[in-house]
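The structure appears below as structure tokens.
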Amino acid sequence: LADGKVFDRPPQTVRRYLREKLVPRCRPWRPDWRTPSVPIGRVLRLDLREPALVHWSPDGWETIHDVATRDTGLGIHTADLPTDGLAPESVLTFTWKSIAGGEWIGVDHTVTVVDAS
């Protein structure tokens, strides 16, 4: 209290978020924490518990993309869905298939792309 500072704030975190005001490159999505939106220009990063093939579309399944997850080595398998070039209120729709079992999850998930400002 005498120093007038928070004593346990790492200097790297202060530099990154308070001084440089860096914006995270990704918005995470997990089956147990489903973000409803992602700002344009950020990547929607799907964090899954097993290797999977992610099947996704930015336009209601008019255009379809497939991306395999990558193993982070931490028990999480990620797939990145880009939002560059999408209009505000676009909806990313996605589902995935387990690589090990080969079955689809049977549900489509959606995340709305929002204006980054």
Scope the stretch 74-106; condition β-branched (Val, Ile, Thr) and either farther than 17 Å from PRO51 by Cα or touching a helix residue (DSSP H, G or I) at 6+ places or on another chain (Cβ under 7 Å) (or both); matching residues: THR83, VAL91, THR93
The stretch 29-38, residues that are open to solvent by less than 60 Å² (accessible area, probe 1.4 Å) and farther than 23 Å from ILE99 by Cα: THR35, SER37, VAL38
Qualifying position, being open to solvent by 50 Å² or more (accessible area, probe 1.4 Å), on the phi > 0 side of the Ramachandran plot and either part of a strand (DSSP E or B) or in contact with a Ser or Thr (Cβ under 9 Å, 6 or more places away or on another chain) (or both), among GLY85, GLY106, GLY41, GLY73: GLY106
Options VAL111, VAL54, VAL67: the member that is part of a strand (DSSP E or B), at pLDDT 95 or above and open to solvent by 30 Å² or more (accessible area, probe 1.4 Å): VAL67
Any hit, the stretch 18-28, residues being open to solvent by less than 50 Å² (accessible area, probe 1.4 Å), more than 17 Å from ILE105 (Cα to Cα) and either in a loop (DSSP other than H, G, I, E, B) or without any contact (Cβ under 8 Å) to a residue 24 or more places away in the chain (or both): no
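The values are calculated or read from the model by the stated rules, or taken from the named source; none is laboratory data. These figures come from a predicted structure and were not determined experimentally. Note that each Cβ is placed from the backbone with ideal geometry, even for glycine, and that neighbours are counted across all protein chains shown. Calculation scope for accessible area: heavy atoms of the full protein, side chains included, ligands and nucleic acids excluded. Shrake-Rupley method; radii C 1.70, N 1.55, O 1.52, S 1.80 Å.
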